[in-house]
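Only one structure is covered here, and it is reproduced in the block below.
The values are calculated or read from the model by the stated rules, or taken from the named source; none is laboratory data. On a predicted model such as this, the values are computed, not experimentally measured, just so you know. Because the Cβ atoms are built from the backbone with ideal geometry, glycine has one as well, and the counts that use them run over all protein chains shown.
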Amino acid sequence: FLGVYHPAARYDRPLSWPRQVLGWLALLIFVLSFSPQPIIGG
């Protein structure tokens, strides 16, 4: 079920530059959403 092998992608072509930018932006937002120190309210 969770094996290493899987079938090849049907449309194996590189991403266009707008999708690459969107991917990098999503990764950046994901990384920046974590704080190194917890925020304690009160």
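Numerical summary
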{"item": "Residue among Val31, Val4, Val21 that alone is surrounded by 10 or more Cβ atoms within 10 Å (Cβ to Cβ) and either assigned to a loop (DSSP other than H, G, I, E, B) or not aromatic (Phe, Trp, Tyr) (or both)", "result": "Val21"}
{"item": "Filtered residues of the range 7-18 (kept if modelled with pLDDT under 85 and not in a loop (DSSP other than H, G, I, E, B))", "result": "none"}
